[in-house]
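Notes follow the structure.
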Amino acid sequence: MYVKSDVKLEFAEIDSRLIHISERILKNLVYLCPLCKEEVISRKGSQRRHHFSHKPESNCSASEETILHFNAKNYLAYCISSDEMNLDDIIFYIPIDMLDESIQRVLQILGIQYYPLALNKLKSFYYFRRGKAEQRIGNYIADVLVKCKEYRRWDYDEYEYDDELIDRGYFVFEMRVSHEIGEKKERDLLDSGIPFIEAIPEQTERGYMFRVTSMSLLGMLKGIEEQLIHMLSKHFEEELIQVGKNMFNSTVEKELRKSAIERAIENVDDLNLRDYISAEQFASINSITAQAYKSEVHQTASLQSMRYKTSNEGNNYISINEQFNWVRSENILFDLVKKIEKQGYKVELLIGGYSNSSKGKVVGFKFYLPDRYLYGEQLKRIMKAGLMDLLNNVDEEQVV
């Protein structure tokens, strides 16, 4: 692809006729901008692309998009009608997804994203004779309307012959700059049988390039695909052989992988996940620590007993393992509830009081902690679902 350059005005108007910058420019004549009708001057230096330029005090309000659209359609019409322009340099890049699916995959593997179609090939196939911009055809105005006529010479003998121009209809070019061709216009062209190309133009230092967005090349597209197949078989023989090997190896590899995944799915139910997790790991992933704020832990011990007791002074307290007392019990409860709720476990409040209380208070909590058996079964379901995803994705993987 070429590098994009700033859009320059390539045409000027004189005596209601368009002049391209490549033509001879006479100093004693006044050239006008075709868009705003102000005077323009030619710029034909050695450093930049030749173009027409407005004078510094110009009030021309034409946008770059307007100028690009005007340039592109008139440039195409000018080149088609000229006998001096090299039409092999004017390229229409066709995305490979517009070609037959049978060769798209191979082209993608080879890194080919566009098929370059030269304007000269179009001219030869459709017998282009003259192109004009902004011409009416049917119910709308075509950006470029090309008359197609085949020139034939009939020889009767060595000295007598007749020349004949056979009418081959029309060809339409549409320049997509700010608006696409539109479904109705495209459908009308398809129904009429008129071949057409819609393309996004880009002005470059070497001329123009066109990226095709829609087309109907009656009869020619099949020939393009046949040429591509011939070109690929000739120039990419070794690469295509390797592609074939890769595709075969990939098919074998896919079948082996699918078989292995299917066996794994069958064996998931027989797994005892507990056998693969140490007691320490299991305790760690199924535990929540609650601790009084800013307290220090010196050791741990198993809970053996917890019960209410009454001191010699008549105060009730909770004895733990018959030798320990709570430290800031409300603080520990606060930490426990917050951590369980934060980790996504459901916590319900138990609201009530005693028989003589008049105002509801929180008298307890209900914690929905995981069932160990159901936890293991859920893990198995997750493993099966993951393996099924792997199995389904095997056939969708790209061949490398």
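Summed over the residues of segment 331-384 and divided among them, the accessible surface reaches 84 Å² per residue at a probe radius of 1.4 Å. Within the full protein context, the accessible area of R257 is estimated at about 90 Å² for a probe radius of 1.4 Å. Each residue of segment 309-318 was assigned a 3J(HN,Hα) from its phi angle through the Karplus expression (A = 6.51, B = -1.76, C = 1.60, θ = phi - 60°), giving 9, 10, 6, 4, 7, x, 8, 7, 8, 9 Hz with x at Gly and Pro. Heavy-atom surface analysis with a 1.4 Å probe gives segment 320-374 a carbon and sulfur content of 55 percent of its accessible area.
Normalised per residue, the accessible area of segment 62-218 is 54 Å², obtained with a 1.4 Å probe and no contribution from ligands, DNA or RNA. Amide hydrogen proximity for I90: with H placed 1.01 Å from N in the peptide plane, the residues at 5 or more positions away or on another chain lying under 5 Å are L119, N120. Computed with a 1.4 Å probe over protein heavy atoms only, the accessible surface of segment 1-61 comes to 68 Å² per residue.
Straight-line cross-link reach from K55 at under 20 Å between alpha-carbon atoms covers these lysines, not counting any fewer than eight positions away in the same chain: K8, K27, K37, K44. When nucleic acids and ligands are ignored and a 1.4 Å probe is applied, L390 ends up with an accessible area of around 90 Å².
The values are calculated or read from the model by the stated rules, or taken from the named source; none is laboratory data. As the structure is a computational prediction, the values presented were derived from the model and not from experiment. Please note that ligands, DNA and RNA were not included when accessible areas were found on the heavy atoms of the full protein model with its side chains. Shrake-Rupley method; radii C 1.70, N 1.55, O 1.52, S 1.80 Å.
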